[in-house]
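One structure is given here, and the rest of the page talks about it.
The values are calculated or read from the model by the stated rules, or taken from the named source; none is laboratory data. None of these values were measured; they are calculated from a predicted model. Note that we place each Cβ from the backbone using ideal geometry, even for glycine, and neighbour counts take in every protein chain shown.
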Amino acid sequence: MRHTAEEFTGLLRGQIALGLVSGAATHEFDVVSVLADFHDDHPDVEIALTEDSSDRMLAAVRAGELDIALLGLTDEEPPPGISLRMVIDEPLVAVVLPGDALLAPEGRTTVPLAALRDRPLISLPRGTGVRRAACSTVPARRPASGPASPSRRPPRRSWRTDGPTSPAARVLLGRLRTALG
């Protein structure tokens, strides 16, 4: 009843648990400005930030330990009980030395992940979307690290399908939807 009255009057209190993958607070994801503006408008809401792998944060959202998470997933369909919204879609890239065989024929701009099967790769750690993309696409050799273009593994916002439980988290989710698309 108190939460309903506070929500109606615009007074928000409480805590929000927000998870971010490494690199999520960049210029493209102006999460810092969204959080600063939210805090200015609702100073009685404590925001707890967590940085972790996508796998662990997805589990935390499902368990109700995180209200919202910005993470990278490789699956097109969300897991049961989770809602997702794509935030950004960028290609994964392979960086090789000039003259590398992957650059043939001249002018080539994409490389199938399978072409990296027998090469040492550098990627993010296990539990990240990029790593999962590399391991699932190149099954013969689990890379110590990750992938190449043209595969896309977009960062996404995630939350429980039944929505964040607190009024403050619902308001922040709305602001993130507006700011990040």
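Just a few scattered comments:
- Of the set (1) buried (at least 20 other Cβ atoms within 10 Å of the Cβ); (2) modelled with pLDDT of 70 or more; (3) under 30 Å from Val45 (Cα atoms), all apply to Gly174 but (1).
- Of all residues in the stretch 80-111, those that are within 30 Å of Ala63 (Cα to Cα), surrounded by 13 or more Cβ atoms within 10 Å (Cβ to Cβ) and at pLDDT 75 or above total 5.
- Some residue of the stretch 18-31 being within 21 Å of Arg177 (Cβ to Cβ), of a type in the set (Ser, Thr, Tyr) and at pLDDT 80 or above: no
- Residue in the stretch 114-127 that is among the small types (Gly, Ala, Ser), at pLDDT below 70 and over 30 Å from Leu12 (Cα atoms) present: yes
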